1. Counting only residues that are open to solvent by 10 Å² or more (accessible area, probe 1.4 Å) and at pLDDT 85 or above, which one in the range 445-455 is nearest to residue 640 (Cα to Cα)?
2. Given the conditions (1) surrounded by 24 or more Cβ atoms within 10 Å (Cβ to Cβ); (2) under 21 Å from residue 411 (Cα atoms), which single one is not true for residue 376?
3. Would you be able to say whether some residue in the range 378-400 is over 30 Å from residue 756 (Cβ atoms), modelled with pLDDT of 85 or more, part of a strand (DSSP E or B) and aliphatic (A, V, I, L, M)?
4. Looking at the range 401-414 only, could you name the residues that are in contact with a strand residue (DSSP E or B) (Cβ under 7 Å, 6 or more places away or on another chain) and part of a loop (DSSP other than H, G, I, E, B)?
5. Looking at this structure, is residue 763 in a helix (DSSP H, G or I), open to solvent by 20 Å² or more (accessible area, probe 1.4 Å) and out of contact with any strand residue (DSSP E or B) (no Cβ under 7 Å at 6 or more places or on another chain)?
6. Would you call residue 365 surrounded by fewer than 23 Cβ atoms within 10 Å (Cβ to Cβ) and of a type in the set (Asp, Glu)?
7. Across the range 161-185, what is the total count of residues that are assigned to a strand (DSSP E or B), open to solvent by 10 Å² or more (accessible area, probe 1.4 Å) and touching a Pro at 6+ places or on another chain (Cβ under 7 Å)?
8. For a quick check of your reading of the model, give me the residue pairs whose first member lies in the range 606-618 and is closer than 19 Å to residue 361 by Cβ and at pLDDT 90 or above, whose second is of a type in the set (S, T, N, Q) and part of a helix (DSSP H, G or I), with beta-carbon atoms closer than 8 Å and at least 6 apart or on different chains.
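The values are calculated or read from the model by the stated rules, or taken from the named source; none is laboratory data. All figures in this text were calculated on a predicted structure; none of them were measured in a lab. Cβ: placed from backbone, ideal geometry, glycine included. Neighbour counts: every protein chain shown. Heavy atoms of the whole protein, side chains included, go into the accessibility calculation; ligands, DNA and RNA do not. Shrake-Rupley method; radii C 1.70, N 1.55, O 1.52, S 1.80 Å.
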Amino acid sequence: MNDQSAPRRSVRVPAAPRQPVNSPLLTLAACTPEEILQRTEAQAGGLSPEQVEERRERYGPNEVSHEKPPTWHQQLFHAFLTPFNGVLFAVSVVSLFTDVIFAPSDERSFKTIIVLATMVLLSTVLRFWQEYRSNRAAEELKAMVRSTTAVLRASEERPQERPISELVPGDIVYLCAGDMIPADLRLLTAKDLFVSQAMLTGESLPIEKYALSPSAAAPAGTAGNLLDLDVACFMGSTVVSGAATAVVAATGNGTYFGAVAKDIVGARPLTSFDLGISRVSWMLIRFILAMTPVVFLINGFTKGDWLQALLFAVSVAVGLTPEMLPMIVTANLAKGAVVMARRKTIVKRLNAIQNFGAMDILCTDKTGTLTQNKVILERHLDIHGQEDSQVLELAWLNSFHQTGLKNLLDVAVLEFGQSHGVDERLRNYRKVDEIPFDFARRRMSVVVRNGDHQNLLICKGAIEELLSICSFADDNGARPGGIVPFTDDKRRAVRTLTRRLNEEGLRAIAVAYRTLPVEERAYTVADESNLVLAGYVAFLDPPKDSAGQAIKALKEYGITIKIITGDNETVTRKICKEVGLVIDRAMLGKDVEALSDAELPRIAEQTTVFAKMSPLQKSRVIRALKAAGHTVGYLGDGINDAAALKDADVGISVDSAVDIAKESADIILLEKSLMVLEEAVVEGRKTFANIIKYIKMTASSNFGNVFSVLIASIFLPFLPMLPIQLLTQNLLYDVSQISIPWDDVDADYLKLPRKWDARGLARFMVFIGPISSIFDVVTFLVMWHVFGADSVAKQSLFQSGWFVVGLLTQTLIVHMIRTQHVPFLQSRASAPVMLLTATIMAVGIYLPFVSIGAHLGLLPLPPSYFAWLLAILLSYCTLTQLVKRWYIGRFGQWL
């Protein structure tokens, strides 16, 4: 390509390891197309079914092993390796030495080890099962939106879309703008093909590729880095513009991407949710490491039994360990993904669910969201606005013969032309060449011939971009003498006419042409000059009936809609007005370009419509809104949306999108509708709410327990609870929380976006945690003074009383914290939560009266104890509710 507007080849420093030197592309680089087909045992018409089957058995599916889901035993091992299981395992080792190895033979006991093993087993198995189910569900969901590529096989007249995983070496594939490169390919033909290799090299600018290297020497790359080959395309890269045919040289792990996938892909950037979970986990672990020695020393000095003090201290450490946290998080995310799938939303990355719920700004194009996505060709006009069949014919020839990405406008032209017999009249035209569309020029051209000894270049594109290359206008259709200079007056008249079309809600596209001598050569952007403006084709995409209702609903959920479109401002304003989207301010791409990075965030917040935006400008607006403190979602389905989808906190695409858009997105909608999006946002917020419930319950409960243990350790002549009792109580409490992922969420909580707030969690823990300590101390006093459990001889009664109170208050906190309203009366938990917590409370009350309780050192409690128990629990709930009211009034948020 010769024009200066084309992307330039950039100087690159390879960011990834080099491919082993035996890559088949190295031997194919200098071959002619005939030699390429011979060496790859391929045919120009495609492989036969027998050849495909034989090669699939030889090479396997076109999948990279790094991308395959882990096996069940790998998942089981991963579920065991958590910081909290590490703490439990360490405590088990200590117990093994103290209770078994070094203990007298008549005092040896495996009870503590059994309880600890049960806790590790429960945590591991539950987490494994949830992760196994979620991974299996994720694979099934991904299969619904898997990428395809156009492949030509023997006995087929035209290429067919097939899953990328079905490709085999020797397949003939067809590429166009927006396609993912499905394997390592050797190009057979290429037309203005620009490919982005950013994933492989980190290089941002696209690189031009050729069927034959333009240099006289060997193709670039044969003596250096394989990625420098300008006649090859590599799996993991994407087509930016142009078209090509190629033969598959390598698939799966035999590709460059397959060889270095782990180095290239790496880990995705951590979301605020990932970081928040990590901070909470390590905060609690540090808390455990700090408090365990304190408890050990206090009990050792006050009781004199250092071995029992050690066992009690490590049991306290276990009690402070939220071993269910990984399972609760995984179960919540998996459940959210499955429920969202039922609502036509496919979650590609589970952790994106939280960002979905936290989203407070949604940026989207108008096509398909505000409009019906059913573009209709309404008018075909000459430069004066009169119906003109020649304009329709020129537009049809352009749309029919282009091999790039056919958008909705091209489809509308072809359908209209077919219904009016245009395809029959123009069947004798044959294609000579094309100049593909790109987002810098915003136009595309084809060159055709009709046997009349001249080539006809037909260009179709955005009004302003096409007017800039027109020197003439067709003032009288095809009659002789109708070609006149395109004067400034005519330009102003054209702009006035197209503006009027835009005000009617029609999108106008200019059509121009130029006759050229008959030549068999490659045409370039330089040939798009001195064109004759023929007229315009105008399209209508009617607004959706549901768009206004969806915008209103999203606004009620605290989400601001911003339109970012490549279309012009006038058409966008018209559509926004029809669907009830109030425009506070509108900006054009050139206005965005003029603003500095410091100015843009403030102005972007105030702007509703961004029109005539380039891909880089879209991405810049997304980053600016994020810099202003917003959680930004971006809904897009085109090639020009890929960068913005990656930069957004949550990238949203649709299953009909181009491959690169689906690859860049975190979430895929099976229907491009704001109503579907609203339902998914609500589910995202429910998922986040239930995770936060568990974290706040655990953090506040554990914080309160530390105070209770310290007070008891200082003032009691015996341990307030035996290590085995503490471990059993913790196990029962863990079981009571398993059903939290299936809990209901208050409707008013769902109305606002929710972000991760680490400082709010610490504040919550400090204010709410000590409430349980107050009633633990009350229990101590009741057991000591009322029931006479005031000596070492009666410590079992004391321990039994606190065991029951501690378990019941911990279980009740599930209901107290899960809602900002009055529990049981104004907000009731779901049936699974109610049933499980009630069962655990019943087990806790019953345990001291049975033989298992006796083995744990528990004694039956007197009947009068239960009157005190009821009073303590009611007082606990009342005080917690009062503090809750004060906390909400003071800080404005509960969960």
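1. Going through the range 445-455, the residues open to solvent by 10 Å² or more (accessible area, probe 1.4 Å) turn out to be 449-454.
Imposing the further condition that a residue be at pLDDT 85 or above reduces the set to 449-450, 454.
Working: 449: 32, 450: 34, 454: 35 Å.
Selected residue: 449.
2. (1)
3. Within the range 378-400, the first condition is being over 30 Å from residue 756 (Cβ atoms), and the residues that meet it are 378-400.
From the residues that got through so far, the ones that are modelled with pLDDT of 85 or more too are 378-400.
After this cut, where a residue has to be part of a strand (DSSP E or B) as well, the list is 378-382, 387.
Right, trim to aliphatic (A, V, I, L, M) and you get 381.
The answer is yes, given that some residue of the range 378-400 is over 30 Å from residue 756 (Cβ atoms), modelled with pLDDT of 85 or more, part of a strand (DSSP E or B) and aliphatic (A, V, I, L, M).
4. The initial filter retains those residues of the range 401-414 that are in contact with a strand residue (DSSP E or B) (Cβ under 7 Å, 6 or more places away or on another chain), namely 401-405, 409, 412-413.
Passing the criteria: 402, 403, 404, 405.
5. Values: in a helix (DSSP H, G or I): yes; open to solvent by 20 Å² or more (accessible area, probe 1.4 Å): yes; out of contact with any strand residue (DSSP E or B) (no Cβ under 7 Å at 6 or more places or on another chain): yes.
When the stated conditions are applied, residue 763 passes them.
6. Values: surrounded by fewer than 23 Cβ atoms within 10 Å (Cβ to Cβ): no; of a type in the set (Asp, Glu): yes.
In short, no.
7. 1
8. What qualifies is 609/572; 610/617; 611/572; 618/640.
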